[in-house]
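Can you keep this structure in mind? I'll have questions shortly.
The values are calculated or read from the model by the stated rules, or taken from the named source; none is laboratory data. Just so it is clear, the structure is predicted and the values come from calculations on it, not from any experiment. So basically every Cβ, Gly included, is an ideal-geometry build from the backbone, and we count neighbours across all protein chains shown. These area figures cover heavy atoms from the full protein model, side chains too; ligands, DNA and RNA do not enter into them. Shrake-Rupley method; radii C 1.70, N 1.55, O 1.52, S 1.80 Å.
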Amino acid sequence: ALQDFMFRPEIIENNTIFVVGCGHTGTTLMAAKMGQHSKVLAIGKESNVFIPYKCSLYMSSRILSEVVDVAIYNGKTSVLEKTPKHLYFIDRIQKVAPDCKIIAMTRNPLDTVSSLYKRFDDLELCVERWINDNTRVLSEVKKGRVMRVRYEDLTAFPEKTFHDVCKFTGLSF
């Protein structure tokens, strides 16, 4: 899109945190728990704002900027957004919020595929989605662009996991 070609990112200085990953890996749980932090304004639903066919980068920047303004007005230092599919649009996110923190959730494949299957009733689709999404997570981890959090760690060791997540995102624990 022409707007994307001519786009200059508005530098978002407020701490922005994105939760991404394959669906049914704990992205909602992570966002809900992080959203309870006193300094975090959590967007209440998946915004899809960085998906190219939904918003131009210009519009993504404007929307995020407005949410940051609301956060600041309410005494929050961080904005948290959770859209699992944003895993595929980290480049777009980082053009708008270059210093953002991205948490990528993963989960045991048997549990994830089983959960996805209950929703989609297509085993091949569910396995393919898990493979594609987790391959992408590993690629982003290798690039050093995301923190990977295992659902199993989040549920078995919540205090340690949230301590690590807070350290990564710059929030007090």
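Hey, any idea what % of the chain's accessible area is carbon plus sulfur with a 1.4 Å probe?
Percent of accessible area from carbon and sulfur atoms in the chain: 55.
Show PHE18, PHE162, PHE120, PHE157 ordered by accessible area, largest first, where the area counts protein heavy atoms only and the probe is 1.4 Å.
PHE157, PHE120, PHE162, PHE18
For a quick check, take a GNM of the chain with Cα springs below 10 Å and name the residue from LYS76, LYS118, LYS39 with the largest mean-square fluctuation.
In this elastic network of the chain, the residue with the biggest mean-square fluctuation among LYS76, LYS118, LYS39 is LYS118.
Hey, another quick one. For PHE173, what charge total do you get from the other residues with a beta carbon under 14 Å from its beta carbon, if Lys and Arg give +1 and Asp and Glu give -1?
+2
Report, by chain and number, residues whose modeled amide H sits under 5 Å from the one on LEU80, excluding near sequence neighbours (fewer than 5 apart, same chain).
So LEU80 has HN proximity to ILE17, LEU41, ALA42, ILE43.
Would you check the accessible area of ARG107, probe 1.4 Å, heavy atoms only, in square angstrom rounded to 10?
50
Can you sort MET147, MET34 by 1.4 Å-probe accessible area, starting with the largest?
Sorted descending by solvent-accessible area, the residues read MET147, MET34.
Now for a different question. Run through region 31-108 and list the GluC sites (Glu not before Pro) located in a DSSP loop whose Cβ has at most 13 other Cβ atoms within 10 Å.
Here no GluC sites (Glu not before Pro) fit, given the DSSP loop and packing criteria.
Could you tally the net charge around GLU46, taking each other residue with its Cβ under 9 Å from the Cβ of GLU46, Lys/Arg +1 and Asp/Glu -1?
Net charge around GLU46: +2.
Work out from phi, with θ = phi - 60° and the Karplus expression 6.51 cos²θ - 1.76 cosθ + 1.60, the ³J(HN,Hα) of each residue of region 78-88, listed in order in whole Hz, and give x for Gly and Pro.
Working through the residues one at a time gives 9, 10, 10, 10, 10, 9, x, 5, 4, 3, 8 Hz.
For region 72-173, just the Cα set please: Rg and Dmax, both in angstrom.
That works out to 15.3, 47 Å for Rg and Dmax.
Okay, moving on. With every protein chain left in place, what is the accessible area per residue of the chain in square angstrom, probe 1.4 Å?
Value for the chain: 55 Å² per residue.
If you take log10 I(q)/I(0) by the Debye sum over Cα atoms at q = 0.09, 0.10, 0.13, 0.15 Å⁻¹ from the coordinates, which of (1) -0.30, -0.37, -0.63, -0.84; (2) -0.27, -0.33, -0.58, -0.79; (3) -0.33, -0.41, -0.70, -0.93 do you get?
(1)
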